[in-house]
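Have a look at the structure below before the remarks.
The values are calculated or read from the model by the stated rules, or taken from the named source; none is laboratory data. Keep in mind that what you see is a predicted model, and the values were worked out from it rather than measured. In this analysis, Cβ positions are derived from the backbone assuming ideal geometry, glycine residues included, and neighbour counts consider all displayed protein chains. When the accessible area is computed, the model is the full protein with side chains, heavy atoms only, and any ligands, DNA or RNA have been set aside. Shrake-Rupley method; radii C 1.70, N 1.55, O 1.52, S 1.80 Å.
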Amino acid sequence: MTTHQLTGERLVDRMIPAERNRAERVESILPDLRKAAAEADRDAAFPVGHTQLLREAGLLGLVVPEQYGGLGGTLRDLAAATYAMGTACPSTALAFFFHNTSASRGLLPLEAVRAGLFEEAEVPTVTAFAERVLTTMAGGSWLGNFASESVKSAGANISIATTAVRAEGGWVLSGEKSFGCATGVADVYLVTARLEKTETADGLAMFLVRRESAGVSSREPWNGLGMRGSANHGIRLNQVFVADQDALALPGAFTRMLRVSRGSFVGNQLAIAAVYTGAAQAVYDHTLATLTKKTFADTGRPIASSPMHQVLIGDMTQHLETAHQWLRRQLELETSEPPIRPKAEVFSQWRLGKGAVTEACFAVALGALKASGTSEARLDGLIGRTLRDLAMGLVMTFPAERGRLEVAKIATEAQENALFATLGEGR
């Protein structure tokens with residue numbers, strides 16, 4: 001018996017029945033996402049009703065283990081979901097991605113506990129916070145994951161200046177988060193802050209902050225270039241109290257959790273690149289269908305058959321396949337059991353892959369604009385929206401040039417160290 005191909009299966013190969021069942025849930029909401037995409041872009045506002053739509057589909061617990069009330073999905077499910085949503089409404093897909101990154105703040109602590117990285121006395125605190133994150137997500141609450149800040153550091157992609165000061169029964173948070181989807185939409189903000197009087201990553205801590213908490217406010221709406229409906233203008237925290245039960249503030253907990261991750265601590269980053277790839281797939285399909293149906297007035301032949309259009313379509317096809325292949329390889333590296341490559345290699349691969357995917361996706365949209373001509377050079381059309389959406393991928397987190405630079409440094413320094421070791425042994 002043959003089954004129809006789900007949108008997520010265009011990226012994620014060989015889905016098992018449970019994965020396909022979860023992908024069916026995603027497929028069921030795509031028509032509604034697609035209908036709201038243009039308005040979300042025009043108004044630069046997260047579509048009203050999408051939180052309830054995703055909640056009713058059970059998707060807010062997509063990557064939460066079943067024992068905590070979730071659907072039990074993995075990174076494969078998340079990549080398939082964000083890719084599929086990206087074909088319909090990239091803004092919603094992006095916000096959904098950041099909600100799901102919150103799950104890593106529950107899954108990684110539990111894995112670190114199992115790996116023996118916490119002292120016996122620390123385990124109850126770590127476990128309680130981790131389970132609180134997971135059950136909150138599975139219970140239907142939307143989490144906004146806020147780490148990024150406007151302060152910049154020459155030595156890091158993300159610098160944390162938001163501080164947490166000890167108070168009776170909890171902590172007081174102050175600072176500003178410059179980027180994080182679902183501002184004013186999420187039920188709970190997952191905030192990364194630095195414990196007072198600390199300077200290193202060992203002082204980083206995590207807090208669950210209710211959207212309505214006193215002292216929490218939204219930054220001014222951001223007139224962004226792309227993903228305009230993801231509510232990503234960020235939050236301000238002015239002396240916000242967070243109870244101990246909503247905090248994981250053990251010194252060094254953050255770095256110990258990092259040690260058991262397969263990729264980066266931001267949480268399953270390849271799924272954000274899947275958003276871009278889904279958007280690129282949609283604009284590719286739209287352009288191909290349009291240029292195949294439209295014909296030249298004098299010959300009656302499809303516009304897509306002209307030599308220039310054939311070259312552009314060929315280039316778009318190659319760029320789209322490039323994005324798919326990078327993502328599939330990274331997905332294999334981060335989900336294979338047992339691991340097929342050491343963590344350092346998986347991380348380096350992603351530093352290259354993120355840039356390769358986003359540049360390839362942008363090239364697809366640029367090709368679509370060229371192939372479609374002035375009639376599609378509109379801000380409110382699919383091609384114009386997608387071109388702007390995919391431009392965000394070029395700069396979000398880090399540009400391709402930074403990734404290539406970091407990988408080059410890793411490779412050359414490894415060679416230098418090997419050379420010096422060899423020279424030293426020969427003396």
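Within segment 45-60, does at least one residue satisfy the condition of being under 16 Å from the mean Cα position of the chain (by Cα), closer than 25 Å to T358 by Cβ, outside any helix (DSSP H, G or I) and hydrophobic (A, V, I, L, M, F, W, C)?
no
Might you check whether a residue that is free of Cβ contacts under 8 Å to residues at least 24 places away in the same chain and either closer than 29 Å to G226 by Cβ or among the basic types (K, R) (or both) occurs anywhere in segment 91-105?
no
Exactly one condition in (1) open to solvent by less than 50 Å² (accessible area, probe 1.4 Å); (2) modelled with pLDDT under 90 is not met by T422; state its number.
Every condition holds for T422 apart from (1).
Can you say whether T101 is β-branched (V, I, T) and within 30 Å of A282 (Cβ to Cβ), as far as the supplied structure shows?
yes
Is it fair to say A279 is of a type in the set (A, V, I, L, M, F, W, C) and either buried (at least 17 other Cβ atoms within 10 Å of the Cβ) or touching a Pro at 6+ places or on another chain (Cβ under 6 Å) (or both)?
For A279, the condition - of a type in the set (A, V, I, L, M, F, W, C) and either buried (at least 17 other Cβ atoms within 10 Å of the Cβ) or touching a Pro at 6+ places or on another chain (Cβ under 6 Å) (or both) - is met.
Looking at this structure, is A214 in contact with a Gly (Cβ under 7 Å, 6 or more places away or on another chain) and among the hydrophobic types (A, V, I, L, M, F, W, C)?
Answer is no for this residue.
Among the residues of segment 119-157, count how many are polar (S, T, N, Q), modelled with pLDDT under 95 and outside any loop (DSSP other than H, G, I, E, B).
2
Can you report the number of residues in segment 158-174 which are in contact with a strand residue (DSSP E or B) (Cβ under 8 Å, 6 or more places away or on another chain), open to solvent by 40 Å² or more (accessible area, probe 1.4 Å), assigned to a loop (DSSP other than H, G, I, E, B) and of a type in the set (A, V, I, L, M, F, W, C)?
Qualifying residue count, segment 158-174: 1.
So that you can scan it fast, the table gives a plain yes or no per residue for (1) touching a residue at least 12 places away in the same chain (Cβ under 8 Å); (2) surrounded by 13 or more Cβ atoms within 10 Å (Cβ to Cβ); (3) within 21 Å of the chain's Cα centre (by Cα):
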{"position": "H4", "(1), (2), (3)": "no, no, no"}
{"position": "E9", "(1), (2), (3)": "yes, yes, yes"}
{"position": "V12", "(1), (2), (3)": "yes, yes, yes"}
{"position": "A18", "(1), (2), (3)": "yes, yes, no"}
{"position": "R25", "(1), (2), (3)": "yes, yes, yes"}
{"position": "L30", "(1), (2), (3)": "yes, yes, yes"}
{"position": "A37", "(1), (2), (3)": "yes, yes, yes"}
{"position": "D41", "(1), (2), (3)": "yes, yes, yes"}
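Quickly run through segment 106-121 and pick out the residues that are within 17 Å of the chain's Cα centre (by Cα) and open to solvent by less than 10 Å² (accessible area, probe 1.4 Å).
Scanning segment 106-121 gives a single hit, G106.
Are there any pairs with C-beta distances below 9 angstrom linking a residue in segment 139-156 that is surrounded by fewer than 21 Cβ atoms within 10 Å (Cβ to Cβ) and among the basic types (K, R) to a residue that is assigned to a loop (DSSP other than H, G, I, E, B) and modelled with pLDDT of 90 or more, with the two at least 6 apart or on different chains, and if so which?
Filtered contacts from segment 139-156: no entries.
So that you can scan it fast, the table gives a plain yes or no per residue for (1) among the acidic types (D, E); (2) modelled with pLDDT under 95:
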{"site": "A274", "(1), (2)": "no, no"}
{"site": "D285", "(1), (2)": "yes, no"}
{"site": "G300", "(1), (2)": "no, yes"}
{"site": "Q310", "(1), (2)": "no, no"}
{"site": "G314", "(1), (2)": "no, no"}
{"site": "A323", "(1), (2)": "no, no"}
{"site": "P339", "(1), (2)": "no, yes"}
{"site": "W350", "(1), (2)": "no, yes"}
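Could you figure out which of (1) modelled with pLDDT of 95 or more; (2) within 24 Å of I272 (Cβ to Cβ); (3) assigned to a helix (DSSP H, G or I) isn't true of L108?
So L108 meets the others, but not (1).
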